[in-house]
Every structure is written in structure tokens, then in C-alpha cells.
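Student: Handing you a structure now.
The values are calculated or read from the model by the stated rules, or taken from the named source; none is laboratory data. Note that the structure is a prediction, hence the values are computed from the model and not measured. Don't worry about glycine lacking a Cβ; one is built from the backbone with ideal geometry, like all the others, and counts go over all protein chains shown. When the accessible area is computed, the model is the full protein with side chains, heavy atoms only, and any ligands, DNA or RNA have been set aside. Shrake-Rupley method; radii C 1.70, N 1.55, O 1.52, S 1.80 Å.
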Amino acid sequence: MSNISVFGKGNMGKAIASNFEDAGNTVSFVAENDQVATLGDIVVFAVPYPAVAGIIEKYRAELAGNKIIGN
Ligand SMILES: NC(=O)c1ccc[n+]([C@@H]2O[C@H](COP(=O)([O-])OP(=O)(O)OC[C@H]3O[C@@H](n4cnc5c(N)ncnc54)[C@H](OP(=O)(O)O)[C@@H]3O)[C@@H](O)[C@H]2O)c1
């Protein structure tokens, strides 16, 4: 099973996280003011589109090589 990082705990983030958890994965949410040292194997962007560029800039190094799912 995988560790999943979900940016955005709104409608989409919670629904997507629930599906991953139901399948036995471990989910961590990342909020705007968080600064996490590592991200999961799979990263979900469940945020308004204008927020995406800032997240990529902030976590450029941590995102390298990860699988990214956007909505
Ligand atoms: N709802 C749908 O049915 C649906 C369907 C398809 C696509 N989408 C798309 O999916 C995206 C999210 O939709 P939604 O309905 O889930 O929106 P939402 O309920 O408004 O949730 C957006 C979440 O993103 C968080 N957020 C904003 N900027 C962030 C950042 N820089 N880092 C981390 N989290 C951040 C917000 O946190 P705060 O509240 O703290 O600002 C909020 O928890 C949108 O682009 C939307 O167009 C939605």
C-alpha cells in the first residue's frame, strides 16, 4: 500500500482521500501553511487551479519523482 499526500481538504480532497483510505492506503493532508519535509509516493492536488503553481514552487524538490494526480 502507498502513502498519499493530498493538498486541499475540501470537497474533492476529502472524497479522494476517502477512496484511497478505503483501499488501505495511508493519507496525509497538506494545508497551505504547512511545511512538510517529505511527501507521499502519490501526491494529489485537490486545490483551486491558481494554487497549483505555488505548491509546485514550494515543494519542487519533494515532488521530484513522485506520481501526481490533479483535478
Ligand atoms: N467539487 C467538484 O465536484 C469538482 C469536480 C471536478 C474538479 N474540481 C476542481 O477541484 C478543485 C478543488 O475543488 P473543491 O470542490 O474540492 O474545492 P474546495 O472545497 O474549495 O477545497 C479546496 C481546498 O484547497 C485548499 N487549498 C487552497 N490553496 C491551498 C494550498 N496552497 N495548499 C493546500 N491547500 C490549499 C483549501 O483550503 P482553505 O479552505 O484553507 O483555503 C480547501 O481545503 C478545484 O480546482 C475544482 O475546480 C472540483
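Student: With every protein chain left in place, what is the accessible area of Thr38 in Å² (1.4 Å probe, nearest 10)?
Tutor: Roughly 110 Å² of Thr38 is accessible to a 1.4 Å probe.
Student: May I pose another question? Taking Cα atoms, how many degrees apart are the long axis of helix 11-22 and the longest axis of the chain, rounded to 10 and kept between 0 and 90?
Tutor: Long axis of 11-22 versus the principal axis of the chain: about 50 degrees.
Student: Given a 1.4 angstrom probe, I'd like the percentage of the accessible area of segment 3-70 that is carbon and sulfur, rounded to a whole number. Show your work: numbers first, answer last.
Tutor: Numbers: 2260 of 4240 Å².
Carbon with sulfur: 53 percent of the solvent-accessible area.
Student: Probe of 1.4 angstrom, ligands and nucleic acids ignored: what's the accessible area per residue over the chain, in square angstrom?
Tutor: 64 Å²
Student: Nearest-5 percent of antiparallel DSSP beta bridges in the chain?
Tutor: 0 percent
Student: Here is a follow-up. Only sites in a loop by DSSP and with at most 14 other Cβ atoms within 10 Å count here; which GluC sites (Glu not before Pro) in the chain make the cut?
Tutor: Hits after loop and neighbour filter: Glu32.
Student: Which log10 I(q)/I(0) values does the chain give at q = 0.19, 0.22, 0.25, 0.28 Å⁻¹ under the Debye formula, counting every alpha carbon as one identical point scatterer?
Tutor: For the chain at q = 0.19, 0.22, 0.25, 0.28 Å⁻¹, log10 I(q)/I(0) is -0.68, -0.93, -1.21, -1.49.
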